[in-house]
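Here's the structure, in structure tokens; my notes come after.
Derivation of every value follows stated rules applied to the coordinates shown; laboratory data play no part. Please read all numbers here as calculations on a predicted model, not as lab measurements. Please note: Cβ atoms are built from the backbone with ideal geometry, for glycine as well, and neighbour counts cover all protein chains shown.
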Amino acid sequence: MRALNFNAGPSCIPLEVLEYAKNEFSDFNGCGSSIMELSHRSKTFEQVLDSAISNVKELYNISDDFAVLFLQGGGSLQFAQVPMNLYNGGVAQYVDTGTWTSKAIKEAQIQGINCEVVATSEDAKFNYIPKFSFSDNADYAYICSNNTIHGTQYQELPKTKCPLVVDSSSDLLSRDVDFSNIGLFFGGAQKNAGPSGVTLVIIRKDLADRVKSSVPTMLRYLTHIKNNSLYNTPNTFGIYMFDLVTKWIKKQGGLAKINEYNVKKASVLYEFIDANSDFYKPFARKNSRSLMNVTFNLKSEELEKRFVEMSQKENMIGLKGHRSLGGIRASIYNAVSLEDVKALVSFMDEFARKNG
Ligand SMILES: *Cc1c(COP(=O)(O)O)cnc(C)c1O
């Protein structure tokens, strides 16, 4: 039996996608071998890659000014690769909203660039998205649109005059995005778009020209743009799965529909938590709440531990909060159904009655 999967990443993949991949696991599309056993330069694989790219372009409605890349090294390598390629001798500005932006800031500082933190929510343990403004002429402005660990999310992405860089690892392909001021947009696939090992990078092509000659070939976006992500061997199976997930999203009606469903799922859970806030204490402030990662605390660590144990007995996995924050986190990505969220709410209701 499939578990109700509330993992933060890697996380739930639509069952339909898994079954589809299973059916053609050893014989892809009648070609006599699995997709993993084919050259990344074969026509067959190139069709998969092109399909994944065009699905991303279609879903996000992005123009040919942008390149869609499938790289490796996770979001974590992007923390270093962004300043390495986009810093242009001026200033790079960051908003610090928790663990993932702190790591990105550290990678920029390692490179000795002029890097400015324009706002932080560290004063309240990162439970909100702070107010800020970016300079019009910064080399780039950097944010993390959804903070996986703390459960906060930008309700809207900021409008900037300078290129905006967005770490969208944990809300990738979950809602529409206006790309008009975006310079670079990235996310690992493992939260909302398939297995780990593939990083989607969408970059405004002209920005890739900034790169200095001291940057190693593999770390230049320009290399991957010129070679359509085939400079070296990419994660072919991961890209194949990514393609299947994007096809599934299209079948659901696209990002606006997926977002509508995500809003419904999150509302059911937050409304229950708010109605029972003497027992379940929401972590993130209301105006900063994430639709993807719902974080809350119980009265004691003891009780939280019991909550996790009991949930596992009900076939629910992944509810333990991140080790750096503690508490409980329910990740309700695209592939988690409304029924699963309702089942979680019933469990929480019963748990509160038995332990209140
Ligand atoms: C998971 C995550 C990362 C790191 O991803 P890796 O693929 O493990 O490097 C970065 N940013 C955010 C917002 C994340 O959720």
- request: Provide the percentage of antiparallel DSSP beta bridges, counting only those with both residues in the chain; round to the nearest 5.
  value: 55 percent
statement: From the Cα centre of region 270-316 to that of region 23-79, the distance in Å is 37 Å
message: Based only on other Cβ atoms within 10 Å, what is the fewest-to-most ordering of E302, E260?
response: E302, E260
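Please report, ordered by residue number, every helix of the chain (full DSSP H runs) that is 15 Å or longer along its axis going by C-alpha atoms and whose mean Kyte-Doolittle hydropathy reaches -0.5. List each step's numbers first, then the result.
On the way: long enough: 43-60 (25 Å, -0.21); 74-86 (18 Å, 0.35); 99-110 (17 Å, -0.44); 236-251 (23 Å, 0.33); 255-275 (29 Å, 0.03); 301-313 (18 Å, -1.38); 338-355 (25 Å, -0.19).
Counting only whole DSSP H runs, the qualifying helices are 43-60, 74-86, 99-110, 236-251, 255-275, 338-355.
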- prompt: Could you state the principal axis extents of the C-alpha atoms in region 75-194, from the largest down, to the nearest angstrom?
  reply: 35, 30, 26
- prompt: Sequence-distant or interchain residues sharing an amide H contact under 5 Å with Y94, placed H: which?
  reply: E116, V117, V118, Y142
field: Cross-link pairs beyond the 20 Å C-alpha cut-off, checked among K257/K286; K106/K191; K191/K247; K131/K286; K281/K305
entry: K257/K286; K106/K191
Where the Cα pairs of region 192-241 fall when distances are cut into 5 Å bins, in %: 4, 18, 27, 22, 16, 9, 3
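Need one word for region 254-354: rounded, prolate or oblate. Basis is the Cα gyration tensor (sqrt eigenvalues a ≥ b ≥ c); a/c below 1.5 gives rounded, then a/b vs b/c decides.
Prolate, since a/c reaches 1.5 and a/b exceeds b/c.
Given R₀ = 25 Å, FRET efficiency for M1-K247 by Cβ-Cβ distance, to 0.05?
Working: r = 26 Å, r/R0 = 1.03.
Given R0 = 25 Å and the Cβ-Cβ separation, E is 0.45.
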- prompt: Going by how many other Cβ atoms sit within 10 Å of their own, how do I273, I110 line up, fewest first?
  reply: I110, I273
Sorted peptide list for 102-108, 120-126, 237-243, criterion being average Cβ within 10 angstrom, highest first: 237-243, 102-108, 120-126
query: So what are the radius of gyration and Dmax for the Cα set of region 150-191, in Å?
result: 10.5, 31
- prompt: Taking the Cα-to-Cβ direction at K342 and at E314 and moving 7 Å from each Cα, how far apart do the two end points lie in nm?
  reply: 1.4 nm
Dipole magnitude (debye, nearest 20) for the chain, charges at Cβ of Lys, Arg, Asp, Glu: 320 debye
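Sort 60-68, 286-294, 165-173 by the packing proxy (mean of other Cβ within 10 Å over each peptide's residues), most packed first.
Working: 60-68: 15.8, 286-294: 21.9, 165-173: 27.2.
Taking the mean over residues of other Cβ atoms within 10 Å, the ranking is 165-173, 286-294, 60-68.
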- prompt: With each pseudo-label sitting 7 Å past Cα toward Cβ, what's the Q72-V263 distance in nm, one decimal?
  reply: 4.0 nm
task: Express the Stokes-Einstein translational diffusion coefficient of the chain in µm² s⁻¹, to the nearest whole number, given a Kirkwood radius over alpha-carbon pairs, 25 °C and a viscosity of 0.890 mPa s.
output: 116 µm²/s
